[in-house]
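Student: A single structure is presented below for examination.
The values are calculated or read from the model by the stated rules, or taken from the named source; none is laboratory data. Quick caveat, the model's predicted, so the values are computed rather than measured. Note: ideal-geometry Cβ built from the backbone for every residue, glycine included; neighbour counts use all protein chains shown. Side chains included, ligands, DNA and RNA excluded: accessible areas come from the protein's heavy atoms. Shrake-Rupley method; radii C 1.70, N 1.55, O 1.52, S 1.80 Å.
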Amino acid sequence: MKFARRMDRFGEGVFSMLAQMRDKRAKKGGAIVDLSIGAPNIPPAPHILKALSEECLVPENYLYAINDTEELLEAAAAWYQRRYGVSLDPGTEICSLLGSQEGLSHIALSIVDEGDVVLVPDPCYPVFADGPSLAGAKLVYMEQKRERGYIIDLKAIPEEAARAAKLMLVSYPNNPTTAVAPDSFYEELVAFARKYEIIVLHDNAYSELVFDGRTCGSFLAFPGAKEVGVEFNSLSKTYGLAGARVGFCIGNREVVGRLKTLKSNMDYGMFLPVQKAAVAAVTGDQACVAATRAAYERRRDLLCEGFGRIGWPIEKPAGTMFVWAGLPAGFDSSLLFVQELFERSGVLTTPGSAFGPSGEGYVRMALVQDEEAIECALAAVDACGILKGR
């Protein structure tokens, strides 16, 4: 058998490797606290579940959706106006995604040709790089350095790379570093993209998950942003609809239009009951959003303060549902640390090296377990002695 050479760019995904480690331990009956994958365990609010369940009983809803319904597009536009102060044309500036992951996997196919330059953050969520790689792009990494609060230094991007680039991917609040960008960064970003004629994709999946009284808006709210790019947003974390796969590409009509054309040749649209659930989420009672935020903040405090007490000082994240932690003293390989930690304690995390060259030296922990499970994780790590010296 002969296969596509493009697959040589990809190895086994780190999350598949972690899942195999988890499953092997589970078969032996070992205790596990899984903090590796950002799979939310907070369910949708009752009014969202009600909308979904009622629509699932309508036989006509099992036809191909083909297109986004007007109701969904208008609801998304109203949501962006109310929540972010961004005015949108529902017909031309919004396109649904079967989850942001699907959009991130495919959008580069509508923008870049083989060999074109794409600017991606380092460290970054893997599909930020994998999507452009699938399209045959040449990746140029934009470092997110701790000393700059993990905010990209646009001035440090080589002039040659900036002039060659067709697309750049940016995301704040950031996965995995958890950084939240100041307004000044977005102002610089718009000017940078306009100067070099680069399309910007800003992933805004965690705008509701910011802590300690902070607030977070939209890239599109900044003057000129819609002229240079689009924003992805997701209902996975905010509304607990992760498995339903609901996301949006919003902004520049040319970019949205090209993605719509691509998707029309690849899928048949979002299941109609899920569209109804999405409408209920963004138009209904928003108390669930505040409750979800508060739950993640409590988990963050419990985990970071708990590890600090047992010998692993960790800075509290400003946002997202993750913790980005430097390796404990005595370790220099994130993968080896993750493997040893899991073998000794049953606590599963993700090595920072999975997120790009600059991720080495860190591990990412997802706040996807309830407080009781986090307490169990802390106790298991403390008892196994991994933090007490090698």
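Student: What are the pairs, 6+ residues apart or on separate chains, where a residue within segment 14-26 that is farther than 20 Å from Pro126 by Cα has its Cβ under 8 Å from a residue that is surrounded by 16 or more Cβ atoms within 10 Å (Cβ to Cβ) and small (Gly, Ala, Ser)?
Tutor: Arg22/Ser36; Arg25/Gly346
Student: Quick one: how many residues across segment 182-218 are over 15 Å from the mean Cα position of the chain (by Cα) and free of Cβ contacts under 8 Å to residues at least 40 places away in the same chain?
Tutor: 19
Student: Let me ask another. Scan segment 132-145 for residues that are touching a strand residue (DSSP E or B) at 6+ places or on another chain (Cβ under 6 Å) and farther than 21 Å from Asp8 by Cβ and jot them down.
Tutor: Met142, Glu143, Gln144 - these are the residues of segment 132-145 that are touching a strand residue (DSSP E or B) at 6+ places or on another chain (Cβ under 6 Å) and farther than 21 Å from Asp8 by Cβ.
Student: Would you check if Ala179 is within 30 Å of Val368 (Cα to Cα) and of a type outside the set (Phe, Trp, Tyr)?
Tutor: The answer is yes for Ala179.
Student: Quick check on this structure: which one of Phe222, Phe192, Phe211 is more than 30 Å from Thr92 (Cα to Cα), of a type outside the set (Val, Ile, Thr) and surrounded by fewer than 24 Cβ atoms within 10 Å (Cβ to Cβ)?
Tutor: Phe211
Student: Quick one: in segment 249-284, of everything that is in contact with a Ser or Thr (Cβ under 6 Å, 6 or more places away or on another chain) and surrounded by 22 or more Cβ atoms within 10 Å (Cβ to Cβ), which residue is nearest to Glu71 (Cα to Cα)?
Tutor: Gln275
Student: What do you reckon, is Glu143 without any contact (Cβ under 8 Å) to a residue 12 or more places away in the chain and over 23 Å from Asn252 (Cα atoms)?
Tutor: no
Student: I would also like to ask the following. Scan segment 36-67 for residues that are more than 19 Å from Ala287 (Cβ to Cβ), within 26 Å of the chain's Cα centre (by Cα) and either at pLDDT 95 or above or of a type in the set (Ser, Thr, Tyr) (or both) and jot them down.
Tutor: Across segment 36-67, the qualifying residue is only Ser36.
Student: Sticking with this one: When the residues of segment 133-157 are filtered to those that are open to solvent by 90 Å² or more (accessible area, probe 1.4 Å) and farther than 10 Å from Ala179 by Cβ, which remaining residue is farthest from the chain's Cα centre (by Cα)?
Tutor: Once the filter is applied, the top-ranked residue is Lys155.
Student: So, restricting to helices (runs of 4 or more DSSP H) that lie completely within segment 41-131, which ones have at least 1 residues that are open to solvent by 10 Å² or more (accessible area, probe 1.4 Å) and touching a strand residue (DSSP E or B) at 6+ places or on another chain (Cβ under 8 Å)?
Tutor: Correct list: 70-84, 100-106.
Student: In this structure, is Asp122 touching a Ser or Thr at 6+ places or on another chain (Cβ under 7 Å) and at pLDDT 95 or above?
Tutor: So Asp122 passes the test.
Student: Within segment 26-40, work out how many residues are in a loop (DSSP other than H, G, I, E, B) and open to solvent by 70 Å² or more (accessible area, probe 1.4 Å).
Tutor: 2
Student: To continue, here is another question. Looking at the structure I just gave you, is Ala19 under 27 Å from Ala244 (Cβ atoms) and within 22 Å of the chain's Cα centre (by Cα)?
Tutor: Yes, satisfied.
Student: Right, next: Please go through (1) modelled with pLDDT under 95; (2) touching a Ser or Thr at 6+ places or on another chain (Cβ under 8 Å) for Ser110 and return the number of the only condition it doesn't satisfy.
Tutor: So the condition that Ser110 fails would be (1).
Student: Next question, about the same structure. Asp23 versus (1) surrounded by fewer than 16 Cβ atoms within 10 Å (Cβ to Cβ); (2) in contact with a helix residue (DSSP H, G or I) (Cβ under 9 Å, 6 or more places away or on another chain); (3) of a type in the set (Asp, Glu): which is the lone unmet condition?
Tutor: Single failed check for Asp23: (2).
Student: Let me ask something additional. Looking at Ala165, is it over 17 Å from Phe10 (Cβ atoms) and open to solvent by 10 Å² or more (accessible area, probe 1.4 Å)?
Tutor: no
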